[in-house]
Amino acid sequence: MNASYEWLRAFVPVNATPAQLRDLFTAHTATVEELVPLRADLAPIVIARVKEAGRHPDSDHLWVTQVDAGGPETLEVICGAPNVTVGALYPFAPVGTTMPNGIKIERRKIRGIYSNGMLCSARELNLGEDQAGIMELDVAATPGTPFLAAVPMGDTRLVLDVGANRPDLLSHLGLARELAAISGKQWRLPEIPNLGPEIPKPAQVSAKGTTGGIEVRVSAESRARRYLGAVIRGVDVGPSPEWLIRRLDAVGVRSISNVVDATNYVLHELGQPVHAFDLAKLRGAVAVRRASPGETLVTLDGESRKLHADVVVIADDRGAQAVAGVMGGRESEVTQNSRDLFIEVASFDPKLTRSARRSLGLNTDASYRFERGVDPALAPAALDRVVRLIISLAGGRVDGAPVDVRGTWPEPATLTLRAKRTEQVLGERVPMDQARRYLEGAGFVVHSSSESELRATVPTWRVDVSGEIDLVEEVARFHGYDRFPDEIRPFRPTTTFDDPLWTVANRVRDALVGLGLFETRPMPFVHATEDTYVRVRNPLSENEAFLRQSVLETLARRAEFNLSHRSGDLRLFEIGSAFLRNSAAMPREQLRLGALIMGRRHPPHFTEPRPPMIDMWDAKELAAVAASAAYAGRQVELVPAAKAGDVLWHVRVGDRTLGNVTRVALDAPVWSSPAYGVELVLGEMETQPAAPRGGHSYIEGGAHLTVAVSRYRALPTMPPAEFDLALLVPIGTTRSDVENVIRNSAGELLESLDLFDEYTGEGVPQDHRSLAWRLTFRHPERTLRDKEIEGRRNKILGALEQELHVRKR
């Protein structure tokens with residue numbers, strides 16, 4: 001939506017700059033995406049004072065002037081205007097300026113004397129047609145002041161992002177209502193010079209009526225909510241006045257003629273599309289109906305269009321003359337020769353307008369508004385405005401009372417706003433008398449109010465307000481979102497717990513993002529030839545017509561795409577669905593984590609220009625972190641694969657395998673490094689009626705997979721007790737074997753167990769390696785004594801010696 005700053009100020013007299021207006025609308029109404037200065041071409045022009053002036057020695061009409069343009073020295077400027085006056089201020093274009101007409105000002109010799117710039121006339125600045133002389137200024141400005149800063153000449157266009165739910169904002173009237181509500185001022189329609197006399201009140205009818213000798217019929221199947229028509233006779237179609245041209249230009253509309261410009265003016269001022277027909281080109285009655293089979297229409301753009309049965313048309317006795325709410329026809333177009341007009345102001349059905357626009361491939365300012373909903377109550381005021389404006393611009397007279405064919409449209413709702421509900425949603429109490437002022441400022445009619453609630457009727461133009469929560473939003477946005485507290489409150493917005501699979505996925509996502517991996521969101525479709533894959537009945541593409549069985553299949557294709565662009569350092573993951581063929585009609589859908597890593601372990605640095613490459617141990621560590629997040633509170637073990645191949649480790653949870661660490665085969669260039677993948681099953685979509693206590697149960701591999709749900713646990717108040725164990729571990733004994741023994745023998749007070757060092761070399765037997773763990777113990781109610789810690793330490797060392805032949809280093 002394009003809006004003019006000056007046009008808005010003509011509605012609401014606010015003392016706000018365009019930037020301040022932008023901030024107000026963005027904070028309370030709709031985002032202003034851009035401010036466009038419309039006379040930026042005048043930015044180089046400055047204010048200059050003529051210090052001296054004398055006749056040119058070789059010319060009887062040129063003047064040689066000394067001009068102060070704010071610089072350290074005066075400039076010698078040749079001027080041909082007869083009205084140059086010493087001491088007066090004028091617009092001045094310095095050397096290098098590009099004028100609005102495209103001419104670049106250069107230092108030139110004119111009859112033997114160099115001219116260093118130009119004193120400008122109104123026409124040269126595109127500010128009028130007066131070219132009798134240079135433009136003398138009556139302003140309090142010093143030489144060198146930018147012209148636009150001294151003379152409020154340039155309008156500013158505000159480009160707003162208006163949502164589909166707010167069609168009332170697609171006009172200056174709608175924005176003025178908002179601005180008045182925000183600022184507390186009153187809005188009024190801008191005054192138009194020599195506006196025509198008031199027109200007769202329209203005659204209201206139900207299906208058909210007559211105006212100016214023209215019968216108007218509106219069929220029920222057209223679903224038109226309201227249709228008004230008026231006849232103006234004796235107009236003189238010609239160019240528009242300067243003020244109207246500039247006002248339309250401010251919103252990006254090209255001037256065509258005074259009649260057409262008047263309809264466009266009302267469209268952008270009130271948000272009501274208006275269409276003018278050449279009455280001499282209409283035959284018989286004006287009918288609003290559905291298109292007949294095979295009916296065609298040549299629209300204003302010169303295209304012949306075939307109309308289908310859902311298109312609503314404006315027709316005469318010969319056939320369609322316009323597509324209702326979209327575009328007029330070429331045969332009834334207003335031209336320079338038009339003398340009598342039929343003016344149409346209507347409110348058409350949004351769904352039928354959208355259907356017609358899409359079928360015809362058209363998109364116009366009118367259809368954009370009708371699709372979102374034009375207020376039927378606005379039509380009489382818009383008809384009065386456009387008819388009086390046409391008469392003021394093109395002359396003529398109204399022939400008889402206009403006709404107003406009324407259909408049906410939804411009645412405004414009356415809603416109740418409760419103070420308790422407002423406080424619950426917003427987190428802050430807003431007094432009902434203050435809420436009443438906000439709503440009344442926005443056009444709501446408040447019937448009754450108390451400290452606990454109020455009742456208000458929604459204005460006809462607010463089609464988006466249908467419930468109490470919408471009233472709460474109105475109060476919030478006028479109160480100001482920045483005025484509400486932003487601290488976290490101790491309550492939940494709902495009593496429904498988050499889905500456990502969402503909780504698990506979010507926990508895993510946080511863990512992997514913390515490791516520096518990037519999440520992808522591809523589609524779960526792959527190319528396959530085996531019959532074990534499930535085929536999509538209506539695929540988006542035959543090249544990828546099957547549902548994937550593994551998340552790593554999709555990540556491998558993403559890796560190959562990156563490699564084709566010479567990007568080999570990859571850290572990708574996806575939490576998505578994999579599909580396994582099932583004997584039942586529907587496949588089994590599992591939620592899985594897939595992660596793929598390859599390339600350099602970290603970016604090059606001057607301290608390490610050639611960093612090491614990612615290897616399988618990095619993938620194992622990634623699997624351990626991901627599994628710990630996915631299966632929180634459960635015993636996780638990484639078991640080496642029994643057979644040599646792509647699978648390196650199995651991820652076991654209890655007695656079941658729920659994932660793998662693998663080498664990923666890629667179609668890769670020779671310079672790329674090996675790729676490693678991790679895939680874990682997080683759960684299935686089908687839930688069981690009963691879930692184990694402390695979690696939620698999902699089918700996995702024919703058995704139940706219990707997904708742990710995060711529970712609240714208070715922060716510890718007792719201090720921890722920590723000690724390190726450096727152990728000599730025989731080659732062939734895995735980290736997980738050692739950790740299992742430590743956990744089993746340490747007891748319930750073991751809070752964390754972290755491996756932080758590995759060493760082989762001097763002092764360590766060749767068939768052993770040295771591994772160091774840090775153990776943290778904590779009692780929830782008291783401080784642990786030294787004897788307790790020493791006892792647990794000795795118990796752990798004894799268990800390791802007995803079960804794994806691991807001894808203290």
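The values are calculated or read from the model by the stated rules, or taken from the named source; none is laboratory data. Because the structure is a prediction, the values reported are computed rather than measured. Counting neighbours? That spans all protein chains shown, and the Cβs are built from the backbone with ideal geometry, glycine included. Surface areas here come from the heavy atoms of the whole protein model, side chains and all, with no ligands, DNA or RNA. Shrake-Rupley method; radii C 1.70, N 1.55, O 1.52, S 1.80 Å.
Roughly how tilted is helix 18-28, in degrees to the nearest 10 and between 0 and 90, from the longest Cα axis of the chain?
That helix lies at roughly 50 degrees to the long axis.
Per residue, how large is the accessible surface of region 538-600? Use a 1.4 angstrom probe and give square angstrom.
Ligands and nucleic acids excluded, the figure is 47 Å² per residue.
Taking the highest mean first, how do the peptides 233-241, 624-632, 305-313 order by number of other beta carbon atoms within 10 angstrom per residue?
Highest mean packing first, the order is 624-632, 305-313, 233-241.
Scan region 475-572 for GluC sites (Glu not before Pro) in coil per DSSP, keeping those whose Cβ has at most 14 other Cβ atoms within 10 Å, and list them by number.
In loop regions of region 475-572 (DSSP not H, G, I, E or B), the sparsely surrounded GluC sites (Glu not before Pro) are GLU487, GLU530.
Residue by residue, what Karplus-based ³J(HN,Hα) values in Hz, rounded to whole numbers, does region 431-440 have, using 6.51, -1.76 and 1.60 with θ = phi - 60° and x for Gly and Pro?
Couplings: x, 5, 5, 6, 4, 5, 5, 4, 5, 5 Hz.
If you take every residue apart from GLY396 with its C-beta less than 12 Å away from the C-beta of GLY396, what net charge results, scoring Lys and Arg +1 and Asp and Glu -1? Could you put the intermediate results ahead of the total?
Numbers: positive: ARG233, ARG339, ARG388, ARG397; negative: ASP236, ASP340, ASP399.
Net of charged neighbours comes to +1.
DSSP loop (so not H, G, I, E, B), at most 13 other Cβ within 10 Å: list which GluC sites (Glu not before Pro) in region 136-244 pass both filters.
Qualifying residues, ordered by number: GLU191, GLU198.
May I have the pair-distance distribution P(r) for the chain, computed from all Cα-Cα distances with 10 Å bins from 0 and rounded to whole percent?
2, 9, 13, 13, 13, 14, 13, 10, 7, 4, 1, 0
Once you have a ≥ b ≥ c as the square roots of the Cα gyration tensor eigenvalues for region 490-563, tell me rounded if a/c is under 1.5, and otherwise prolate or oblate according to whether a/b is larger than b/c.
In terms of gyration-tensor shape, oblate.
Over region 200-287, give the accessible area per residue in Å² for a 1.4 Å probe, as an integer.
Here the residues of region 200-287 average 39 Å² of exposed surface.
Beyond 28 Å between alpha-carbons counts as too far, so tell me which of LYS201/LYS281; LYS281/LYS306; LYS201/LYS306; LYS185/LYS351; LYS620/LYS808 fall in that bin.
LYS201/LYS306; LYS185/LYS351
Which loop-located trypsin sites (Lys or Arg not before Pro) does region 405-480 contain, where loop means any DSSP state but H, G, I, E or B and the Cβ has at most 14 other Cβ atoms within 10 Å?
For trypsin sites (Lys or Arg not before Pro) across region 405-480 that sit outside H, G, I, E and B with at most 14 neighbouring Cβ atoms in 10 Å, the list reads ARG429.
Can you pull the Rg over Rh of region 45-161, Cα-only, Kirkwood?
That ratio is 1.00, to two decimals.
Name the long-range amide H neighbours of MET99: under 5 Å, sequence gap of 5 or more, or other chain; modelled H, no Pro or chain starts.
Amide H neighbours of MET99: LYS104, ILE105.
Measuring from a point 7 Å past the Cα of ASP58 along Cα-to-C-beta, which residues in region 84-127 have an amide N at less than 17 Å?
Those under the cut-off are 107-116.
How far apart, in nanometres, would the label points at ASP767 and LYS109 be if each is projected 7 angstrom from Cα along the Cα-to-Cβ direction?
The modelled label-to-label distance comes out at 10.4 nm.
Could you tell me the calculated FRET efficiency between THR532 and ASN562, based on Cβ-Cβ distance and R0 = 30 angstrom, to the nearest 0.05?
Numbers: r = 28 Å, r/R0 = 0.94.
Here the calculated transfer efficiency is 0.60.
Taking every pair of Cα atoms in region 433-537, average 1/r, invert it to obtain the Kirkwood radius, and report Rg/Rh to two decimals.
Using only Cα positions, Rg/Rh for region 433-537 is 1.24.
How high is the FRET efficiency from GLU198 to LEU540, r the C-beta distance, R0 56 Å, rounded to 0.05?
0.40
Limiting things to C-alpha atoms, what are the Rg and the maximum Cα-Cα separation (Dmax) for region 228-369, in angstroms?
According to the Cα coordinates of region 228-369, Rg and Dmax are 14.8, 46 Å.
Given a 1.4 Å probe and every protein chain left where it sits, what share in percent of the accessible area of the chain is carbon and sulfur?
It is 49 percent, rounded to a whole number.
Hull surface divided by four, with the convex hull built on the Cα atoms of region 508-613: how many nm²?
8.5 nm²
List every residue whose amide H lies under 5 Å from the amide H of GLN321, counting only residues 5 or more places away in sequence or on a different chain, with H placed 1.01 Å from N in the peptide plane.
ILE314, ALA315, ASP316
Around ARG774, under 10 Å between beta carbons, what's the net of Lys plus Arg minus Asp minus Glu among the other residues? Intermediate values should be presented prior to the final figure.
Values: positive: none; negative: GLU722, ASP724, ASP754, ASP757.
Computed value for this residue: -4.
Using the basic label-point model (7 angstrom from Cα toward the beta carbon), what is the GLU803 to VAL36 distance in nanometres?
In this crude spin-label approximation the distance works out to 7.4 nm.
Just to be sure I follow: if Rg is taken over the C-alpha atoms of region 288-334 and Rh is the Kirkwood radius over the same atoms, what is Rg/Rh?
0.91
Cα atoms only, region 729-778: Rg and Dmax in Å?
In Å, with Rg to one decimal and Dmax whole: 12.3, 37.
Sticking with the crude label model, points 7 Å out along Cα→Cβ, report the distance from ASP138 to GLU473 in nm, one decimal please.
Reported label-point gap for ASP138 and GLU473 is 5.1 nm.
Please report the net charge: other residues with Cβ closer than 14 Å to the Cβ of GLY441, K and R +1, D and E -1.
So the surrounding residues net to +2.
What are the ³J(HN,Hα) couplings of region 177-191, residue after residue, when phi is run through the Karplus curve with 6.51, -1.76, 1.60 and θ = phi - 60°? Round to Hz, x for glycine and proline.
Listing the rounded values in order: 4, 5, 5, 5, 5, 6, 8, x, 8, 9, 9, 8, 5, x, 6 Hz.
If you average 1/r over every pair of different alpha-carbon atoms in region 3-62 and take one over that average, what Kirkwood value in Å do you get?
For region 3-62, the Kirkwood estimate is 15.6 Å.
Specify the angular offset, from 0 to 90 degrees and rounded to the nearest 10, of the alpha carbon long axis of helix 551-564 from the longest principal axis of the alpha carbons in the chain.
So the helix axis and the longest Cα principal axis differ by about 60 degrees.
Within region 294-334, whose backbone N sits under 11 Å from a point 7 Å along Cα→Cβ of ALA285?
Output list for this probe position: 317.
Nearest 500 deg cm²/dmol is fine: what mean residue ellipticity at 222 nm does the chain get from its DSSP H runs of n ≥ 4 alone, each adding -39,500 (n - 2.57), divided by its residue count?
About -7500 deg cm²/dmol.
Which whole-Hz ³J(HN,Hα) couplings does region 213-221 yield from phi under the Karplus relation 6.51 cos²θ - 1.76 cosθ + 1.60, θ = phi - 60°, glycine and proline marked x?
Rounded to whole hertz, the list is x, 10, 7, 10, 10, 10, 7, 5, 5.
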